[in-house]
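One structure is given below, encoded as structure tokens.
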Ligand SMILES: [Zn+2]
């Protein structure tokens, strides 16, 4: 498995980076195996045999051998307590072919357009409430209050386009700038609401209650929301114990594992401890609500997920340092795939909620798709 080999290579080829890698991550791997009754050979082959265009392209023996030799890599971040299990059985499967991806995407587009009739968000000014200070209008979006609030300051950016998967760089930039304007407005009105949070739950699987393109915008009082506070605490602990900057070190660790992409003053990583499939993490000290380079980076990441990797349901979150000019922490931007909207099974189970996350996707596949998609 590429991930395991790459991590082994760091140790041999780059002892300094390996030291930093080891200062954050613990990695172990083990072989899980099993025995098959003869009566189950055929079925197991059909369930797990590698297929191309629907046809099995490996022999029964090859499939059974793969099943009997499942290598699992366990990666644990000793500061944040995040942990993931990568199983080679799934990671070794070929990616989605372009025709399969296009077929799935066209099914999703049909589903989205079916939901356009009677869509309240298509007429947001008529059928959604507004904040006490009114609405903030962008060129391609408008804000409104969340009718069932997550928190005291909890609003929504309604995109003008119904289809959330169709957006240009100027549209996405406008959504982000409008979010930035809303955060400033709330901060002016109530200065103890200091920490902006932006989250786009795209389509049902990602937690959206409406198909229409929209993002949640929130401001939390005096501190950020829990997950970002936990990350800040971990980063401070790391700094105290090692004298090193956590965000620089984690970027270096991913770089040594070949899981980063070069970006000016932006750290872009396919996560070693993803929350779920294809998690991308971006660190930036410049604001994604006004810095053009970050906006472009987010656009490129989302378009790659949708157009190249066939992702249709995803979460994009932006956790922010305090608006009280807090330079200690970067903006932390995350994107994660939430799976096919036509599959009735949830992508997360008890392992993800209460154990470690179980990951099927190869992080190098995500990284290569990003590297090859030169749209900006
Ligand atoms: Zn709509």
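Some observations on this one:
- Stretched out straight at 0.36 nm per residue, the stretch from residue 352 to residue 264 would grow longer than its current Cα-Cα span by 28.4 nm.
- Cβ crowding within 10 Å ranks 155, 344, 84 as 344, 84, 155, fewest other Cβ atoms first.
- Spatial separation of Cα centroids for the stretch 155-225 and the stretch 1-41, in angstrom: 38
- P(r) weight above 19 Å for the stretch 284-376, C-alpha pairs, percent: 53
- 0 to 90° range, to nearest 10: angle between helix 292-303 axis and the chain longest Cα axis: 50
- Shape box of the chain [Cα atoms, principal axes, largest first, Å]: 68, 56, 38
- Amide N proximity, the stretch 318-349 versus residue 151 label position 7 Å along Cα-to-Cβ, cut-off under 15 Å: 318-324, 332
- Per-residue ellipticity at 222 nm from helix content only, as computed over the chain with -39500 (n - 2.57) for each DSSP H run of at least four residues, stands at -11000 deg cm²/dmol.
- Using only Cα coordinates, the Kirkwood hydrodynamic radius of the stretch 174-223 works out to 11.8 Å.
- Shown for 199, 132: other C-beta atoms within 10 Å of each C-beta, ranked fewest to most, produce the order 132, 199.
- For the stretch 1-122, the calculated P(r) over all alpha carbon pairs, in 5 Å bins from 0 to the bin holding the longest distance, is 2, 9, 13, 13, 12, 11, 11, 11, 10, 5, 3, 1, 0 percent.
- The overall shape of the stretch 272-318 is oblate: from the C-alpha gyration tensor, with semi-axes ordered a ≥ b ≥ c, the ratio a/c is 1.5 or greater and a/b is no larger than b/c.
- Per-bin percent of Cα-Cα distances, the stretch 243-332 [5 Å]: 3, 12, 23, 25, 21, 11, 4, 1, 0
- Helix axis angle, 246-256 relative to the chain longest principal axis, alpha carbon, degrees: 40
- Linear extension gain, residue 28 paired with residue 374, 0.36 nm per residue minus alpha-carbon span: 121.1 nm
- The stretch 172-279: proportion of alpha-carbon pairs further apart than 18 angstrom, %: 67
- Distance from the stretch 251-269 to the stretch 308-376 (C-alpha centre basis), Å: 16
- Sorted on the mean count of surrounding Cβ atoms within 10 Å across their residues, most packed first, peptides 279-290, 40-51 read 279-290, 40-51.
- Relative to the longest principal axis of the Cα atoms of the chain, the long axis of helix 169-189 lies at roughly 50 degrees.
- Distance cut-off 15 Å, percentage of C-alpha pairs in the stretch 55-152 lying past it: 80
- For the stretch 112-205, the C-alpha radius of gyration sits at 1.09 times the compact-globule guess of 2.2 N^0.38 Å, with N the residue count.
- Percent RCO, i.e. relative contact order, over the chain, from Cα pairs under 8 Å lying at least 6 residues apart: 18
A short reminder: the numbers here are calculations on the coordinates, not readings from a lab. Worth saying up front: this structure is predicted, and the values here are computed from it rather than measured. All Cβ positions, even for glycine, are placed from backbone atoms using ideal geometry, and neighbour counts span all protein chains on display.
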